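Everything on this sheet refers to the single structure shown next.
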Amino acid sequence: MGGNHLAKKKAINDYGTGIPQHEMEALARVLLPEIEKFYASEKGQRQFAQWKEEQQLKQQGLSMTG
């Protein structure tokens, strides 16, 4: 019962982009530090707080109509 022990490569979903996984990873390595810097900044914190407030208002609007 030795069988064939070749590892099956897990299919990676590219969400229809057609962009190869190695290209997505390279892009993420460049973008992630910049995104982290932005959200750590004062401006990023303000914009995130504003976005969260807008999301809460949208949720309240949806629950009021439902």
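Where a ≥ b ≥ c are the square roots of the eigenvalues of the C-alpha gyration tensor, would you call region 21-65 rounded, which needs a/c under 1.5, or, failing that, prolate if a/b is larger than b/c, or oblate? Judged from the Cα gyration tensor, region 21-65 comes out oblate (a/c at least 1.5, b/c at or above a/b).
Highest first, please rank the peptides 10-22, 45-57 by the mean number of other Cβ atoms sitting within 10 Å of their residues.
Values: 10-22: 8.4, 45-57: 10.5.
Highest-to-lowest ranking by the protection proxy: 45-57, 10-22.
Given their separation in residues at 0.36 nm each and the Cα-Cα distance between them, Leu32 and Gln45 gain 3.0 nm when the chain is fully extended. About its Cα centre, region 21-65 has a charge dipole of approximately 180 debye under the convention of +1 per Lys or Arg Cβ and -1 per Asp or Glu Cβ, with nothing else charged.
None of the figures in this text is laboratory data; all of them are computed from the coordinates on show. Keep in mind it's a predicted model, so treat the numbers as computed, not measured. So basically every Cβ, Gly included, is an ideal-geometry build from the backbone, and we count neighbours across all protein chains shown.
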